[in-house]
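As structure tokens, the structure follows; a few thoughts come after it.
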Amino acid sequence: MEQTGHSNYRHQHHCSKCRCRHHCKNCQQKKQRHNCYCFLKYYDSPNLCCSHGATSVTGPTGATGAGATGPTGPTGDTGPTGNTGPTGDTGPTGDTGPAGDTGATGDTGATGDTGPIGDTGPTGNTGPTGAIGNFSVASATFYTTETTINQTGAAIPFTNTIAIIGTGITLTGLTDITLAIPGFYLVSYYFSGIPLTSTLLVARLDINGIPLAGSIIEAQTSAIGEGGPSLTNTVLVNITSPGSTIRLINASDTQVSHPTEVAAATSGSVTVTLISS
């Protein structure tokens, strides 16, 4: 039996003996029996009619055709943005830019604590000697040895002069020591005697007839009419007017007599020294 082809999934065969057509049992569902030799022989033998063998090996691919490459198709849509890549290495530092404008001055801060005292610096050079001041030296001492009675509030008369140094100090009228040069004078004075009706001996200085504050000196006797004590003192006097006078005054509240036991004994004295003018 020869195979003549497929038709609608049916294998049609021609019998080699009787040339009749029939359908193979393995190729179609419709079955038709007849008395054909090959049908009777082969219909129930599927291994002999239309048995399908194994698929053969695929043959080699044919050569590519020689036609021209077609035109490039249109550009596709842009795909989504990919993830950010890792940060690259830091580049080299650029050149320093120009200095900016100076900012406004800030508020002054609080004063800090005082620092420790530094070392003493070296001693500077000695300055030039100053001009010589106006200094005049003048001095004089006047005293008395009289035994006459001195009245209360009376000036003691001076009958003797020990020495006069310089100029400007003179004795006027026995009682007034006259100072011609204004300035500072050191005045020392002495007085002794016997109060006749009291037990208190007192003396002072008058400047231009006015009692000098702080110049009064006094001493107490043992009894009325007894031998009197001696008084002495030194004061600094500022004479402001030329021709001023100094007097030694009996400031006791009674007359004062002077003892005669010793001849020429001093009963009163004043020493005046100009120390600055």
For region 191-208, enumerate the residues that are open to solvent by 20 Å² or more (accessible area, probe 1.4 Å) and at pLDDT 95 or above.
-> R204, I207, N208
Taking region 135-181 and the residues there that are touching a residue at least 24 places away in the same chain (Cβ under 8 Å), among the hydrophobic types (A, V, I, L, M, F, W, C) and assigned to a loop (DSSP other than H, G, I, E, B), the one that is surrounded by the most Cβ atoms within 10 Å (Cβ to Cβ) would be I156
Of all residues in region 234-248 being within 14 Å of V187 (Cα to Cα) and more than 60 Å from the chain's Cα centre (by Cα), which is most open to solvent (accessible area, probe 1.4 Å)?
-> R247
Could you check how many residues of region 223-249 are at pLDDT below 95 and not in a loop (DSSP other than H, G, I, E, B)?
-> 2
Somewhere in region 206-218, is a residue in contact with a strand residue (DSSP E or B) (Cβ under 8 Å, 6 or more places away or on another chain), under 18 Å from Q151 (Cα atoms) and part of a loop (DSSP other than H, G, I, E, B)?
-> yes
Go through (1) at pLDDT 90 or above; (2) open to solvent by less than 70 Å² (accessible area, probe 1.4 Å) one by one and return the number of the condition I216 breaks.
-> (2)
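The values are calculated or read from the model by the stated rules, or taken from the named source; none is laboratory data. Values in this document were obtained by computation on a predicted structure and should not be read as measured data. So basically every Cβ, Gly included, is an ideal-geometry build from the backbone, and we count neighbours across all protein chains shown. Protein only, heavy atoms only, side chains kept; ligands, DNA and RNA dropped before computing areas. Shrake-Rupley method; radii C 1.70, N 1.55, O 1.52, S 1.80 Å.
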